[in-house]
Every structure is written in C-alpha cells, then in structure tokens.
Amino acid sequence: MTIPTSANGRTIPNSPNTPNTLDSGKARRWRAAAAACAASAAVVALVAGCGTDTTAGVVPEGWGTLRTSSVTVAHPPAFTPQGAGERSEYNAAAATLAEGGKDVGMITVQLDFTNADSVEEAAIGAEAGIALGSTLGKQREIEVAGPEGRTEARRIDFEFTEKGSRIKGVIVAGLDSANKSYAVRVDAAKGRLGDGDLTKIIDSITLK
C-alpha cells in the first residue's frame, strides 16, 4: 500500500446598619479567608471554562506508539512499525497491518510536508496526497491533545480502490507546536480496521 493538536474585584461598601465589630481582628481574618476562597473558585472556573486540559492523548492498553519529533500516535498491536530503512522517505513514522503476506492497513505520520500558515492550509496540502478518483468527504473540525491543551485540527475521510480492494482512509492534519504542518494518515482495506479502533487511533494523536 503506497501512502504518497462577590469575586469580581469590586469593593462592597459597608451598609449603614453594619456593626462596628466587622472591624475586629477576627472579622478581618474571616474576610481574608472568604476572599481567598472566592479567588480560588474563580481560578478553577476560569480553567474549566477555557478548556486548558493538558492531558495527552490516551494510548490504549497493549497498543504501540509511533513517535516523531513533534507528533505521537498509537497503533493497534496487530500493526508493525517500520524502521527508517523500510518506510517511505516522506514518512517520519509508519506502521503496517499485514494479512496473508499482504499489507491491508497502514498508519503514517508526515511532518512539515507543506508550507502552511493555518490548519486549513495544512488540511488542503494533505488532501493533495489523496489519489485521483478517490471519494472525498468534507473536512471536519476536530481537536487533538497538545502541550497546552486541546488543539484544533482537521479530519478528512476518503475512499479509493487499489488492486481490486476498497480502501477506507482518514487523515488528521494541522499545525504542531512549532507551527509546522503535520498529517496522520490511516488507510485500511474495508473490514480490516474497526471503527472503534480507528477512533482510538485518532484520539491518541498528541502534539509535543
């Protein structure tokens, strides 16, 4: 098979009916503690609201990992990683699924494969590597794990026929933390890679 990421800071004025005991040392300590709690709650809410989850993509138990300088992706145990001398010069990492001595599935990672200033441009560049005559689906916005939380990417689904076999493919493309293009591509003959495993592969993509 060829495969060419109030706590609003305002001061509340004293009420005319507020007793002077609020100025006691005990009351001052109470107000300081309350302010600290409010500030902590505000920080927690801010973090949750901004989606700053820094958890890396999950590697399922028993799976292997393809590692490159800027992107990692997990592969099912049935896939065999290719060494530098085995894979295409265009691939920074690759793994194949063989059946009866024939490759029926492949996962590849390409880095800095096109000059791109945006995720959209990276996805367009990745589409250029899809064979003519393929059935091409619409680009979809997704997110992958990154060093500072979830990172925007694009997913492209497509199908093509090779040597009589219908191949289902998916590319996840975007910009890494150095703003260089990357593409993770998964190709498999129909019926050889379940949708569950495909989802796990995509969910495992992590930018360094």
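The values are calculated or read from the model by the stated rules, or taken from the named source; none is laboratory data. All values derive from a computational prediction rather than experimental measurement. Quick reminder, even Gly has a Cβ in these numbers, built from the backbone with ideal geometry, and neighbours come from all protein chains shown. Only protein heavy atoms, including side chains, enter the accessible area calculation; ligands, DNA and RNA are left aside. Shrake-Rupley method; radii C 1.70, N 1.55, O 1.52, S 1.80 Å.
Data overview
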quantity	calculated
Arg87 accessible area, assembled protein chains, probe 1.4 Å, Å²	60 Å²
For a label point 7 Å along the Cα-to-beta-carbon line of Leu198, residues of the stretch 137-168 with backbone N under 17 Å	137-143, 154-162, 165-168
Estimated vicinal HN-Hα couplings, Hz - the stretch 148-159 in sequence order (Karplus 6.51, -1.76, 1.60; Gly, Pro = x)	10, x, 5, 10, 5, 8, 10, 10, 10, 9, 7, 9
Surface accessible to a 1.4 Å probe, per residue, for the residues of the stretch 162-208, Å²	42 Å²
Vicinal HN-Hα couplings computed from phi for the stretch 182-196 (Karplus, 6.51 cos²θ - 1.76 cosθ + 1.60; Hz; Gly/Pro x)	9, 8, 10, 10, 10, 10, 7, 4, 4, x, 8, 9, x, 4, x
Added length on full extension, which subtracts the Cα-Cα distance from 0.36 nm per residue, Asn179 to Ser165	1.4 nm
Restraint check, Lys102/Lys168; Lys138/Lys208; Lys168/Lys200; Lys180/Lys208; Lys138/Lys163; Lys163/Lys190, Cα-Cα greater than 23 Å	Lys138/Lys208; Lys138/Lys163
Probe 1.4 Å - accessible area at Lys208, Å² to nearest ten	100 Å²
